[in-house]
Every structure is written in structure tokens, then in C-alpha cells.
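Here's the structure, in C-alpha cells; my notes come after.
The values are calculated or read from the model by the stated rules, or taken from the named source; none is laboratory data. Please read all numbers here as calculations on a predicted model, not as lab measurements. Methodologically, a virtual Cβ is constructed for each residue, glycine included, from the backbone with ideal geometry; neighbour enumeration extends over all protein chains shown.
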């Protein structure tokens, strides 16, 4: 026994000797005493932007020519999740990553339609968990992309920060909103905006490496949220990667890029963001996809540099590394060229956990998880009890036993620009136009085993139901198949019940789903059925 304990990493020791407690969210966490100090793990949370699993070569659906050797090595050292829905688009994904709450419950965050920067929140109503970690002995840091307005939380949420808040203009008058790769202005420790310099992905990596090296002999454990702007549009590669994939074959085009899609809701049957060239092919498709993947290369370089810094500073064995993206990104699937939509091709993101002594190397977990699950799990790994009810499920059990199952279905929601109480107010007044974004509508989604259920925030729009084992591309909407009416009804009611458990009072005001000629079933009024 003594020999076994001596060979365990600090993370393994933490979980072996920790005491269990149940948090207000109902999750079980490993609790350590304040005196545990440095035995608690560091946590490096890497958060890329718009990165699909198709861009990571260790994923089964990756482009056959995609190459991400450093991310693949990270997956080999730990656990890869096949199905992660971190969020639906950039801003609410980050709000959830900081609060542990799904978008409908993010209080006080407001967004002015059409303006990337006109965002604000009340930190008393919308609290971020790094402030709790600071009170419980962690040093916290944030480097990279923000997306939540001018209040970057330095001194409240962060001990150290270098944040691109997307506000202001440079000396030439160029807007900072879209400075994803070049000309980026950042605020260090809450100060004035100054040039980041260089290629942003590399510069964020350099700053993170410097931070890691400085913490070599730190008395406190640290939590670093590293938020890359890549691989968001305009998908600008680092100069060294401009010739990458020059010999790769043409990118395969999704079969439904132009439609029609007869079983989809009406607004999605012939939806497409793509124009046809003279041969009837999507114009510029291959070059755009290749440019996107070239920009991923610098993210992969960054992962390699970060792991190297942890190893050389002697911190690798006591650091949990989490690698994911704010959401995925579709390249023609369902006619799309964005995130936002509830399909796996749009929002499924890579997720990798590396934690020596806790996660068995080279393991794969097929359970569907989401972004708020990660917040609950981060609390568990740090041995810190949440100060408010979190919406996520603790994944610690899956990290130990990847073949396990969670006892709740996975929920995801996209209420477009609306947050918190505004969601209920708009639904009460039947202002469904408030949930429209570029011809798409807000939605709620539930993964329950192999089934995915989708409901749109628009009156007279049919629901969607997919068997992801038989139809992983989500081309055949079973909601219009009479054989699945019973299953559809059960999942509709279950989704309402599960969202209500997550402070989802908005479910009482949802518009009734539409029907199709082939759909003859029970009443769609869930409130009447519940009464």
C-alpha cells in the first residue's frame, strides 16, 4: 500500500485522501482541507473558438488529411470525449463556462443586437466561479478572448489577466472587434488596451507558457482559463502554416449542403449559406475548409508548447489539462456555415481531459456532455463547493470509469440574444421574432441515450427527433414518422421536466410545435397533459 501511494501523482493522492461532500447542485465532490495547499491540482482549461471535431485528427470524423499531433498526444495521455456540446455560440458559451448556468438562467447579461461589444452584466447577479476559487486558495488567471463586455473582472475573478475584450480601436482607427489574429488590443490586469503584438494564437501561448513557468514554485495551486481567438473567422493561419495541406485531396462536400431536406422544419428545408459555381458545386468550399484547418495548426503548436512548459517546470503530474472549444462549426452540413444550429455538425466540440493518476491514458468516453458539466467537474477536481446551484453534472465518475453512465440526460439551449428573465418575457408576449437570428430560431435540445430531441422557439414549427446511432448526420427527422409518435411524446415531456429542474420556468410559455400531414398523435399541449 505504501509503495502504491508513493507512486501516485498528486492528483491521484488528492482524490484518494479527499473527503466527500454533496454540493448545492447535488454533485459529489472531493473535498480537501485548506492545509492541503499545493497538493490540490493546477487546472489548465484550454478554450479554442469554433473548433470542430473534424479538425482534430484523433477524432473519427476528422478530415482524413487533418494533422494535430500535439492534441492527439494529449488525448493519448488522458481521456477523449466523443460528444461534447460546450455551447451553441461564442458569448453564451463563455457565460456558461464562467457561471455554470445554461443560457436561459444567465441573469443580468444583456446584448445589443448587431453590436459585438455592447454587452454588460451585473456581477452581483451574474457571479463567476473563479471568484469563489480565489477565496478558496486558488490563484486564477485568464488569457485571451473575452466576449462579455468591458467588465473583465480583474481583481474580482482574476489575479492575473491579459484579455482581448474586443473594445476600442487601434491608432489607425481599426476596430478591435474582429482582431482575431492581427492588430489585437488587450488589457493586462484590467488596464488600458494596448497592442498584443504578433500573431494572436502564438502570443496567447507565449503568455500562458510564461505564466506556467512563473508558477514553478508557487505556494498556491492555480487555475488558468486560456481562451484562444482561433479558429474563428477569418481563419487566418500563421505564416509558417500557409503552405500546409497544399497536397491534400479536395475536401468532401456534405450531401445536404443545398437540400432539399423534406423532414426538416419549413425554414430549414432548403436553407443554405452557400452559392453554386458553374458546375453546381459550393463556391470556394475547399479553399475555405483548407484555410480553416491551416489556422488550427497554430492551436496544435500551442498545446505542444503548453505541455512542454508543464513538464519542464515539474508541474505536469499535478496539473489537470482540459482541452475543448466554445462550440463546433459546420462546413456545409444542413446548408450551414456557422455554429448556432442544434446539430452535431454545428456545435459538437472536441473535449480531452489529461490528469495523471486520475484518468487512464488513451481512454474514450461516449457519454454526451456539455459545458456546464465541465464547471461542476472543475469544482470537484479542485475540492471546492459551489456557492450557487450549478446546472452541470459532475463528470468525475466518468473520468475514472469512461464506460459509465450519467443519471441525467444532457441538455443544451440557444436562446439567441436573450438571457435570463428576458427569455420568459419574450415567450410570454409571444414575441418569437426576438429569437430569430439570420433566418434561424432559438431552440432547446436534449440528448437521452441515442436520441436527440429538438424544439424550436417559434410557433407552428415541427419538432426534431434523431436516432444518432442509425443517423449520425441527422438527415432523417423521426418526428414526422408516425411510428415514433409515442417516443416523441415521451421525450417532449421529459425535456420539459428536465429543463424545469434547471431553473427553466420558460417551458411553461413555449409555443406549440407544428404538425405535418403525416403526424397524427396526442395533444401537443404539455401543460394540459401535466394538469
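Scan region 73-99 for residues that are outside any strand (DSSP E or B) and either without any contact (Cβ under 8 Å) to a residue 40 or more places away in the chain or farther than 15 Å from residue 326 by Cβ (or both) and report the count. Walk me through how you get there before you give the answer.
Going through region 73-99, the residues outside any strand (DSSP E or B) turn out to be 73-78, 86-99.
After this cut, where a residue has to be either without any contact (Cβ under 8 Å) to a residue 40 or more places away in the chain or farther than 15 Å from residue 326 by Cβ (or both) as well, the list is 73-78.
Residues meeting the conditions: 6.
Residues in region 372-391 that are in contact with a strand residue (DSSP E or B) (Cβ under 7 Å, 6 or more places away or on another chain) and either within 24 Å of residue 499 (Cβ to Cβ) or not in a loop (DSSP other than H, G, I, E, B) (or both): 374, 378, 379, 380, 381, 382.
Return yes or no: is residue 82 under 19 Å from the mean Cα position of the chain (by Cα), surrounded by fewer than 23 Cβ atoms within 10 Å (Cβ to Cβ) and within 27 Å of residue 307 (Cβ to Cβ)? Before you say what the answer is, go through the steps one by one.
On the way: under 19 Å from the mean Cα position of the chain (by Cα): yes; surrounded by fewer than 23 Cβ atoms within 10 Å (Cβ to Cβ): yes; within 27 Å of residue 307 (Cβ to Cβ): yes.
It is true that residue 82 is under 19 Å from the mean Cα position of the chain (by Cα), surrounded by fewer than 23 Cβ atoms within 10 Å (Cβ to Cβ) and within 27 Å of residue 307 (Cβ to Cβ).
Just name the residue that is nearest to residue 187 (Cα to Cα) out of those in region 131-156 that are touching a residue at least 40 places away in the same chain (Cβ under 8 Å) and part of a loop (DSSP other than H, G, I, E, B). Only one residue tops the list, namely 146. Taking the numbered list (1) farther than 18 Å from residue 188 by Cβ; (2) touching a strand residue (DSSP E or B) at 6+ places or on another chain (Cβ under 8 Å); (3) at pLDDT 95 or above in turn, residue 128 passes all entries but (2). Every test in (1) out of contact with any strand residue (DSSP E or B) (no Cβ under 6 Å at 6 or more places or on another chain); (2) under 27 Å from residue 106 (Cβ atoms); (3) at pLDDT 95 or above; (4) crowded, with 18+ Cβ neighbours inside 10 Å is passed by residue 434 save one, and that test is (3). For residue 315, the conditions (1) on the phi < 0 side of the Ramachandran plot; (2) surrounded by fewer than 20 Cβ atoms within 10 Å (Cβ to Cβ) are fulfilled apart from (2).
Residue 419 passes every criterion in (1) touching a helix residue (DSSP H, G or I) at 6+ places or on another chain (Cβ under 8 Å); (2) outside any loop (DSSP other than H, G, I, E, B); (3) closer than 27 Å to residue 148 by Cβ apart from (2). Residues that are farther than 19 Å from residue 265 by Cβ and either in the same structural domain as residue 391 (by TED's automatic domain parsing) or modelled with pLDDT of 95 or more (or both) within region 508-526 comprise 508, 509, listed in sequence order.
Taking the criterion of being assigned to a loop (DSSP other than H, G, I, E, B) and either surrounded by fewer than 18 Cβ atoms within 10 Å (Cβ to Cβ) or in contact with a strand residue (DSSP E or B) (Cβ under 6 Å, 6 or more places away or on another chain) (or both), the residues of region 193-232 that qualify are 196, 197, 198, 215, 216, 217, 218, 219, 220, 221, 228, 229.
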